[in-house]
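Reviewing the structure listed below.
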Ligand code: SF4
């Protein structure tokens, strides 16, 4: 597969399907992915490392200088960001200075781009750490992953590399009091000889049940966009994603679809 890695600490801005003009932040190395999951659909390729080694990561001071420079450069242009977005080559909350970096971002956003939202795309694997939870609760827009309604489905699709219990994860998501977006990717195909499909009616029923436990302010439904490390995967067609979104809407949630 063509591996898609971000080669800068601050990238873009890009026009994002989900976030408008988005200035991206990659807190992870520029040459490889570091993640606590090994999703079979990950655009960055298979996970070879889930340890964020301090020496290979940008420090808060370096980050501050780079973000300040970029925000000053964008001021008054038509690329002023709608969102300053933590994404990049893996899981941003694995960065050991993540909480301090969020603090820096809030200060710089308030000074140079007061209209931009701060967004974090996360797999939620570090929510058990109070410091990470508290940092995430300071940002405007948390997009947290939930790719299924049953633990065994999530294990097949996301392959958590650290301890994962769905029940515990839902409890941690509930602590956001609804101030979060659930991002759910739907996919089907095969992996290691096993069928993969998180869009069957049984799977959807379990997933909708979890949405009722979490009560998110928004749900994003999408599918794979680029090539995937597991080659036997297919997009869930747009009409089907729209039908899933209709169910979400009928249950009283705000939803958007990206096919
Ligand atoms: S959580 Fe995100 S970065 Fe990590 S493996 Fe999954 S898709 Fe890739």
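Key figures
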quantity: Meets criteria (surrounded by fewer than 22 Cβ atoms within 10 Å (Cβ to Cβ) and under 23 Å from residue 30 (Cα atoms)) for residue 92; calculated: no
quantity: Unmet criterion (only one of (1) in contact (Cβ under 8 Å) with a residue 60 or more places away in the chain; (2) buried (at least 21 other Cβ atoms within 10 Å of the Cβ); (3) away from the ligand (no atom under 16 Å from the Cβ)) for residue 98; calculated: (3)
quantity: Number of the exception - residue 257 against (1) free of Cβ contacts under 8 Å to residues at least 40 places away in the same chain; (2) surrounded by 14 or more Cβ atoms within 10 Å (Cβ to Cβ); (3) assigned to a helix (DSSP H, G or I); calculated: (3)
quantity: Residue match in region 205-215 (condition: modelled with pLDDT of 95 or more and part of a strand (DSSP E or B)); calculated: no
quantity: Residues of region 115-155 satisfying the condition of being within 16 Å of the ligand (Cβ to nearest atom), assigned to a helix (DSSP H, G or I) and out of contact with any helix residue (DSSP H, G or I) (no Cβ under 7 Å at 6 or more places or on another chain); calculated: 136, 155
quantity: Any strands (runs of 3 or more DSSP E) falling wholly within region 1-114 and containing at least 1 residues that are in contact with a helix residue (DSSP H, G or I) (Cβ under 8 Å, 6 or more places away or on another chain) and modelled with pLDDT under 95; calculated: none
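Residue-wise test of (1) within 16 Å of the ligand (Cβ to nearest atom); (2) under 25 Å from residue 162 (Cα atoms); (3) in contact with a strand residue (DSSP E or B) (Cβ under 9 Å, 6 or more places away or on another chain).
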{"position": "3", "(1), (2), (3)": "yes, yes, no"}
{"position": "24", "(1), (2), (3)": "yes, no, yes"}
{"position": "29", "(1), (2), (3)": "yes, yes, yes"}
{"position": "38", "(1), (2), (3)": "yes, yes, yes"}
{"position": "61", "(1), (2), (3)": "no, no, no"}
{"position": "67", "(1), (2), (3)": "no, no, yes"}
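The values are calculated or read from the model by the stated rules, or taken from the named source; none is laboratory data. On a predicted model such as this, the values are computed, not experimentally measured, just so you know. Don't worry about glycine lacking a Cβ; one is built from the backbone with ideal geometry, like all the others, and counts go over all protein chains shown.
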